[in-house]
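Structure first, commentary second.
Every read-out reported here was derived from the displayed coordinates using simple, explicitly stated rules and does not represent laboratory data. Since this is a predicted model, take the numbers as computed values, not measurements. Note that we place each Cβ from the backbone using ideal geometry, even for glycine, and neighbour counts take in every protein chain shown.
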Amino acid sequence: MITSPLSQDTISLIGMPGAGKSTIGVLLAKLTGLRFTDTDLDIQVQAGATLQQILEREGHLHLREIEEQVLLQIPLQQSVISTGGSVVYSAPAMARLQSAGPIVYLEADLETLKRRIAIAPSRGIACGAGDSLADVYRERTPLYRQYADITVDATDGTADQVAASILDQLAGQE
């Protein structure tokens, strides 16, 4: 069995869409020898549809329900978990992630998120029909900060640099 260079065997990434959770998660998994799990992909497999299709057919609250189900069912051990941006609305899912290991908030400013999301505009952001990205950002940011054990700036630097920063901060907690 491969063991992580850190004492943690599960690291969860939270943050807004476009913060880099999936990209950085893969790199972090490679650096630690942990499995990588992207809950957005698990949601799509369970629903048999893309996130955008779920939003269009069933709405954002249904997407959040599926996200919670997935996070309460999937194995968390020895994994880097990239969560969906709306995971922070589920207290049971967040409690499960907290019990598994540190939660890392990938923080990025609104302008950076807008620029990154513009590259993939149909990415499926779980929010009300009239909500702007700025509205979602304002609503979720306090929740991300509330649940985070570590906050890492995901605005500047490469994905490799952000992953290295996460490892440095986690090692500093040990």
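Counting only the Cα atoms, the chain fills a convex hull of 105 Å³ per residue. Helix 133-147 and the longest principal axis of the C-alpha atoms of the chain enclose an angle of approximately 30°. Taking the C-alpha atoms only, the angle from helix 21-32 to the longest principal axis of the chain is near 20 degrees. A helix-only calculation puts the chain at -16500 deg cm²/dmol for mean residue ellipticity at 222 nm, using -39500 (n - 2.57) for each DSSP H run of at least four residues, averaged over all residues. The C-alpha atoms of the chain define a longest principal axis, and helix 159-173 lies at about 60 degrees to it. This model, with +1 at the C-beta of Lys and Arg and -1 at the C-beta of Asp and Glu, gives the chain a dipole about its Cα centre of some 180 debye.
A cut-off of 5 Å between modelled amide H atoms, ignoring neighbours fewer than 5 places along the same chain, links V80 with I11, R35, F36, T37. Residues T10, T151, ranked from the fewest to the most other C-beta atoms within 10 Å, line up as T151, T10.
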